[in-house]
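First the structure, which I've put down as structure tokens, then a few questions once you've had a look.
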Amino acid sequence: MAEHTQDSWRKSPGLFASLLSAPTLFLFAFLLAPLAIVWGYSFGHNQGLTDIVVDGTFANYAHALNPLYLSILFKSFLFAAVTTVICLLVGFPVALAITFARPSTKPWLLLLIMLPFWTNLLIRTYALMAVLRTQGYINGFLGLLWSLLARSLDALHIGRLAAFTPLDLLYNNFAVILGLVYVQLPFMVLPLYSAMDRLDRSLLEASLDLGAGHVRTILQIVAPLAMPGIASGVMVTLIPSLGAFLTPELLGGVDSQMIANVIERQFKSANDWPFGAALSFLLMYMTFAAIALQALLGSKRRGG
Amino acid sequence: MTTLRETRPKPGPLDYLSRWPLRLWVGATTLFLYAPLLTLIVFSFNQSKRNIVWRGFTLDYYAMVLQDTSLLTAFANSLVIAAVSTALSLCLGAATALLLWRFRFPFKPALEGALSLPIVVPEICMGVALLVFFTKVVPWPTYFPWPLNLGAIIIAHVSFSFSFVASVVRARLASFNREEEEAARDLGASEWRTIMDVIVPHMRPALFAGGLLAFTLSLDDFVITFFTSGPDTITFPVKVFSMIRFSVTPEVNAASTLLIVITVALTAIGLRLQGADAGRDGHTG
């Protein structure tokens, strides 16, 4: 929209240079250079305790492809995919309800969905820990119900119940996926809402008038038309889930490590930086591949 | 079109929110999103240490938080980092926005691509890249007096937040009428004067909104800070992380509640500013 009013940089080279210099320098020095160095390290190996020699080896990538790490890569993708599907299934009806709510209630519903997203990720994860742990609210509540049940059965001389064994809700794969859904859900609802809000409602009314039921209208009219929103919702849920560190770190058990946790360990405790560098670039390639795929599908949709 | 209506207005066929299954669904989702946070806040006022049963109201844990020097130091670190990185992000972000809005130049798509990196690169990759950079390439001196020892974290925060500021400011600039700028130039203002007196005032709401965004991003960041902080440069989220890793205590609930209140308040102010801004502009944006 503003494109036609843009000046060539030659028109005021002084201003151009002064605006360009600081941000570009900063980008090069503190973003591109660090990433490039990690990329370089991914082709190197440790020498002695602290030195890293970059010799163009692919050994780190080969190491990342051994079954242990391959299974962690696969598991990270699986967790992210399951999280995305759950978020889509939970978020779609919510977005639908918001879209067709009365104009006066709409902003409040949006605020309701967005508010938890403003609180710190760490705190949201901690709140889930408090709910799920052995002495947490769910187990506390179930224990209370159990003891009431036991007491009434006892009083009625029906039988005795064994002591309540708390459910293992924390430190497993279930907790990680629940945590990811909890954190990512608002990200899914917003793009779905903004895509559905732009729909031509007369199409929906036409479908209903012609005798299609609500479910059929939603599946065959709303969902295809909201596809760009669904695609971007899937992206903004999938990508952060794929690289999630905090959620599996705090809610996961021994076998629910995701790729980010392995990367962290290589840099902080295992001290194998070249291998960690290779893993973090594999994660980055997976992310870029997802973005490229979305762009490709998006352009195909517009074309056809 | 209004057709024949019964006396009692019936909800339209598309008014999905008035149908009970969807109401139940939205209600359950809201409960899922809020119940953990609300219990966290409520139980920060609970007298019981065991944290499940309500034993009466107390502010003891808030007193504990306010006496915990390591937590307070971490909080002061977080505030200083957020303030300085916001100021730097604003300068860099505004310059970038102005540059991209005003000029056509070679390699512009490359610059735009580089700017989108902090948004698309996974946080953990940014974190390890900055860890490597600040230990191997430019080791940040840890003996620097406070707050200079926070420099590495400040730079790390600027590197991810300034492109967010740039995109907020650039969106705002799209509604600027360049005739105002030409008028200023015709009246004899220099290029620099025009920017400071005409363009920057137009940017101001976006600068506030972008600044608050940068401040909240910095205050909230855990992963990138986790990799760039040392033993003497712990921020609030990093401190809370080390506290909650193995236990749930009412003291952490109290500290978390304080942080929730601060971030929600900041974001609400930011949204208000942006909302007021959007209201004034009508459809020009």
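The values are calculated or read from the model by the stated rules, or taken from the named source; none is laboratory data. None of the values given here were measured: they were computed from a predicted structure. For neighbour counting, all protein chains shown are included, and Cβ atoms are generated from backbone atoms with ideal geometry for every residue, glycine included.
Can you pull out every residue in the range A:158-213 that is without any contact (Cβ under 8 Å) to a residue 24 or more places away in the chain and hydroxyl-bearing (Ser, Thr, Tyr)?
A:THR165, A:SER202, A:SER207, listed by residue number.
Mind telling me which of the residues B:PRO231, B:PRO201 ends up being out of contact with any helix residue (DSSP H, G or I) (no Cβ under 9 Å at 6 or more places or on another chain) and within 24 Å of B:LEU130 (Cβ to Cβ)?
On the way: B:PRO201 fails: within 24 Å of B:LEU130 (Cβ to Cβ).
Unique residue meeting the criteria: B:PRO231.
Okay, next question. Can you name the residue in the range B:91-124 that is of a type in the set (A, V, I, L, M), more than 8 Å from chain A (Cβ to nearest Cβ) and surrounded by fewer than 21 Cβ atoms within 10 Å (Cβ to Cβ) and is also farthest from A:ALA22 (Cα to Cα) among such residues?
Keep residues of the range B:91-124 that are of a type in the set (A, V, I, L, M), which gives B:92, B:94-95, B:97-100, B:110-111, B:114-115, B:117, B:119-121, B:124.
Restricting the remaining residues to those that are more than 8 Å from chain A (Cβ to nearest Cβ) gives B:94, B:97, B:100, B:110, B:119.
Adding the requirement that they be surrounded by fewer than 21 Cβ atoms within 10 Å (Cβ to Cβ) leaves B:110, B:119.
Numbers: B:ALA110: 16, B:ILE119: 20 Å.
Looking at the filtered set, the residue picked out is B:ILE119.
Let me ask something additional. Which of the residues belonging to the range A:113-122 are assigned to a helix (DSSP H, G or I) and facing chain B (nearest Cβ under 8 Å)? It would help to see each step written out before you state the result.
Kept after step one, since they are assigned to a helix (DSSP H, G or I), are these residues of the range A:113-122: A:113-118, A:121-122.
Those that are assigned to a helix (DSSP H, G or I) and facing chain B (nearest Cβ under 8 Å): A:ILE113, A:LEU115, A:PRO116, A:TRP118, A:LEU121, A:LEU122.
Please determine whether any residue of the range A:186-203 is at the interface with another protein chain (Cβ under 10 Å from one of its Cβ atoms), crowded, with 16+ Cβ neighbours inside 10 Å and among the β-branched types (Val, Ile, Thr).
yes
In the range A:132-149, what residues are touching a residue at least 12 places away in the same chain (Cβ under 8 Å) and part of a helix (DSSP H, G or I)?
Of all residues in the range A:132-149, those touching a residue at least 12 places away in the same chain (Cβ under 8 Å) come to A:132-136, A:138-139, A:142-143, A:146-147, A:149.
Result: A:LEU132, A:ILE138, A:ASN139, A:LEU142, A:GLY143, A:TRP146, A:SER147, A:LEU149.
I've got another one for you. What is the residue count in the range A:229-277 for residues that are buried (at least 21 other Cβ atoms within 10 Å of the Cβ), away from chain B (no Cβ under 11 Å) and within 28 Å of A:ASP55 (Cα to Cα)?
Selection size over the range A:229-277: 1.
Can you go through A:SER8, A:SER18 and tell me which one is surrounded by fewer than 19 Cβ atoms within 10 Å (Cβ to Cβ), in contact with a Phe, Trp or Tyr (Cβ under 8 Å, 6 or more places away or on another chain) and at the interface with another protein chain (Cβ under 9 Å from one of its Cβ atoms)?
Answer to the selection: A:SER8.
Given the conditions (1) within 10 Å of chain A (Cβ to nearest Cβ); (2) touching a His at 6+ places or on another chain (Cβ under 9 Å); (3) buried (at least 24 other Cβ atoms within 10 Å of the Cβ), which single one is not true for B:GLY127?
(2)
Enumerate the pairs (first residue in the range B:157-184 and over 25 Å from B:GLU123 (Cα atoms); second residue anywhere and part of a helix (DSSP H, G or I) and of a type in the set (S, T, N, Q)) with beta-carbon separation below 8 Å, excluding pairs fewer than 6 apart on the same chain, so at least 6 apart or on different chains.
From residues that are over 25 Å from B:GLU123 (Cα atoms), the pairs are B:ARG178/A:THR5; B:GLU181/B:THR194; B:ALA184/B:THR194.
Output the residue which, of all residues in the range A:123-172 that are more than 14 Å from chain B (Cβ to nearest Cβ) and basic (Lys, Arg), is nearest to B:TRP54 (Cα to Cα).
Here the answer is A:ARG151.
Out of everything in the range A:206-254 that is among the polar types (S, T, N, Q) and within 19 Å of the chain's Cα centre (by Cα), what residue ends up being farthest from A:VAL176 (Cα to Cα)? Show your work before the answer.
Step one: of the range A:206-254, the residues among the polar types (S, T, N, Q) are A:207, A:217, A:220, A:232, A:237, A:241, A:247.
Add one more test, that the residue is within 19 Å of the chain's Cα centre (by Cα), and what stays is A:232, A:237, A:241, A:247.
Numbers: A:SER232: 23, A:THR237: 14, A:SER241: 10, A:THR247: 6 Å.
If we take residues in the range A:206-254 being among the polar types (S, T, N, Q) and within 19 Å of the chain's Cα centre (by Cα), then A:SER232 is farthest from A:VAL176 (Cα to Cα).
Inspect all residues belonging to the range B:27-49 and state whether any of them is hydrophobic (A, V, I, L, M, F, W, C), farther than 30 Å from A:LEU88 by Cβ, away from chain A (no Cβ under 13 Å) and under 24 Å from the mean Cα position of the chain (by Cα).
Going residue by residue through the range B:27-49, those that are hydrophobic (A, V, I, L, M, F, W, C) are B:28, B:31-33, B:35, B:37-38, B:40-43, B:45.
From the residues that got through so far, the ones that are farther than 30 Å from A:LEU88 by Cβ too are B:42-43, B:45.
Then keep just the ones that are away from chain A (no Cβ under 13 Å); that gives B:45.
Filter again for under 24 Å from the mean Cα position of the chain (by Cα), leaving none.
Checked the range B:27-49: no residue is hydrophobic (A, V, I, L, M, F, W, C), farther than 30 Å from A:LEU88 by Cβ, away from chain A (no Cβ under 13 Å) and under 24 Å from the mean Cα position of the chain (by Cα).
Against the condition crowded, with 20+ Cβ neighbours inside 10 Å, assigned to a helix (DSSP H, G or I), without any contact (Cβ under 8 Å) to a residue 24 or more places away in the chain and among the hydrophobic types (A, V, I, L, M, F, W, C), how does B:PHE241 come out, does it pass? Talk me through it step by step, then tell me what you get.
Working: crowded, with 20+ Cβ neighbours inside 10 Å: yes; assigned to a helix (DSSP H, G or I): yes; without any contact (Cβ under 8 Å) to a residue 24 or more places away in the chain: yes; among the hydrophobic types (A, V, I, L, M, F, W, C): yes.
Yes, satisfied.
Name the residues in the range B:7-31 that are surrounded by 12 or more Cβ atoms within 10 Å (Cβ to Cβ), in a helix (DSSP H, G or I), at pLDDT 75 or above and not small (Gly, Ala, Ser), would you?
Of everything in the range B:7-31, those that are surrounded by 12 or more Cβ atoms within 10 Å (Cβ to Cβ), in a helix (DSSP H, G or I), at pLDDT 75 or above and not small (Gly, Ala, Ser) turn out to be B:LEU22, B:ARG23, B:TRP25, B:VAL26, B:THR29, B:THR30.
Exactly one of these conditions fails for B:GLY211: (1) surrounded by 18 or more Cβ atoms within 10 Å (Cβ to Cβ); (2) more than 10 Å from chain A (Cβ to nearest Cβ); (3) free of Cβ contacts under 8 Å to residues at least 40 places away in the same chain. Give me its number.
Of the numbered conditions (1) surrounded by 18 or more Cβ atoms within 10 Å (Cβ to Cβ); (2) more than 10 Å from chain A (Cβ to nearest Cβ); (3) free of Cβ contacts under 8 Å to residues at least 40 places away in the same chain, the odd one out for B:GLY211 is (3).
Yes/no matrix, rows are residues, columns are (1) within 25 Å of B:ILE269 (Cα to Cα); (2) of a type in the set (Gly, Ala, Ser); (3) surrounded by 14 or more Cβ atoms within 10 Å (Cβ to Cβ):
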{"position": "B:THR135", "(1), (2), (3)": "no, no, yes"}
{"position": "B:PRO139", "(1), (2), (3)": "no, no, no"}
{"position": "B:PRO147", "(1), (2), (3)": "no, no, yes"}
{"position": "B:PHE176", "(1), (2), (3)": "yes, no, yes"}
{"position": "B:GLU181", "(1), (2), (3)": "no, no, yes"}
{"position": "B:PRO201", "(1), (2), (3)": "yes, no, no"}
{"position": "B:LEU207", "(1), (2), (3)": "yes, no, yes"}
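Report those helices (runs of 4 or more DSSP H) wholly inside the range A:33-112 carrying at least 1 residues which are away from every other protein chain (no Cβ under 11 Å), of a type in the set (A, V, I, L, M, F, W, C) and within 26 Å of the chain's Cα centre (by Cα). Walk me through it before giving the result.
Working: elements: A:33-41, A:59-64, A:67-99.
By residue number, A:59-64, A:67-99.
Looking at A:THR165, is it surrounded by fewer than 17 Cβ atoms within 10 Å (Cβ to Cβ) and in contact with a Pro (Cβ under 6 Å, 6 or more places away or on another chain)?
Answer is no for this residue.
Surrounded by fewer than 21 Cβ atoms within 10 Å (Cβ to Cβ), within 13 Å of chain A (Cβ to nearest Cβ) and at pLDDT below 85, is that true of B:THR249?
For B:THR249, the condition - surrounded by fewer than 21 Cβ atoms within 10 Å (Cβ to Cβ), within 13 Å of chain A (Cβ to nearest Cβ) and at pLDDT below 85 - is met.
Matching residues to (1) charged (D, E, K, R); (2) more than 30 Å from A:PHE141 (Cβ to Cβ):
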residue	(1), (2)
A:GLY179	no, no
A:TYR182	no, no
A:ASP200	yes, yes
A:GLU205	yes, yes
A:GLY213	no, yes
A:GLN220	no, yes
A:PRO224	no, yes
